[in-house]
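Down below is the structure, laid out as structure tokens.
Values in this text are rule-based calculations from the coordinates and carry no lab data. The model shown is predicted, which means the values in this text are computed figures rather than measured ones. Reconstructed Cβ throughout: ideal geometry from the backbone, glycine too, with neighbour counts over all protein chains shown.
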Amino acid sequence: MPTDAELRAVRQAIYRAIVDTAVAPRPADVAAGCGISIERADAAFRALADAHVVVLRQSPSSSTELWAAPPFAADETGFRVDANGKSWFGVCAWDAFGVPAALHADARIRAACAWSGEPIECGVRDGAAFGTAVVHLLVPAARFWDDIFYT
Amino acid sequence: MTLDQAWALSRAWYGNRLSPDFRRPTVDEAREIFERIGLAGEFWRL
């Protein structure tokens, strides 16, 4: 079982890598920098997933590859976020705004209407939201984590 | 929810995500966040 210090170090390393490179790291990428073995880093990734801090890929079930370190998605999604001269993808519409919230930065979000497919541009300018869309969530709050991939 | 609500919710939820002191909101804290932002009703009940 990873220690609290290991979990904190690994979590910080994950987010630092994503913010710096826009690429989700693997346990092997962060282990040395955290001063732990790859096996310990693997265990930390799993523990962070169990705590709903990050989300691992579903397949294979033994995977410790990140699917997301919310609000950042590991893969391209329909919610592109440009901020600080870089681009990331939000896990969902809420998380698209979560990226500038985490970065404490303004951002331009490009998405598409789930109903019409019309392009949507919105984001954060001078610290305030801009755009005319609405965010529609399908899953009630109490069930967000029942199936986070669907949510 | 409106984009203003999404932004307010995101700031409350993710504003400290990169901090070494980050922790996920407790259920009570999440309820307070939803209420403060005007996200009410059965959908937002925890």
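Tabulated data for the structure shown
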| read-out | value |
| --- | --- |
| Sum of -39500 (n - 2.57) over DSSP H runs of 4+, divided by residues of chain A (222 nm, nearest 500) | -10500 deg cm²/dmol |
| Long-range amide H partners of A:Ile120 with built H, under 5 Å | A:Ala111, A:Ala112, A:Cys113 |
| For region A:62-75, 3J(HN,Hα) per residue [Karplus equation, 6.51 cos²θ - 1.76 cosθ + 1.60, θ = phi - 60°, Hz, x = Gly/Pro] | 8, 5, 10, 7, 6, 8, 7, 10, x, x, 8, 8, 6, 10 |
| Per-residue HN-Hα couplings for region A:136-145 [Karplus 6.51, -1.76, 1.60; θ = phi - 60°; Hz; x = Gly/Pro] | 10, 9, 8, 10, x, 3, 5, 10, 3, 9 |
| Around B:Arg17: net Lys/Arg minus Asp/Glu count, Cβ-Cβ under 14 Å | +4 |
| For A:93-101, mean number of other protein chain Cβ atoms within 10 Å | 6 |
| Stokes-Einstein diffusion coefficient of chain B, Kirkwood radius over Cα pairs, 25 °C, 0.890 mPa s, in µm²/s | 220 µm²/s |
| Neighbourhood charge, 14 Å Cβ-Cβ cut-off, centred on B:Asp28 and excluding it, Lys, Arg +1 and Asp, Glu -1 | +2 |
| For A:Arg143, net neighbour charge (Lys/Arg +1, Asp/Glu -1) across residues whose Cβ lies under 13 Å away | -2 |
| All Cα pairs of the protein assembly as shown, percent lying beyond 30 Å | 19 percent |
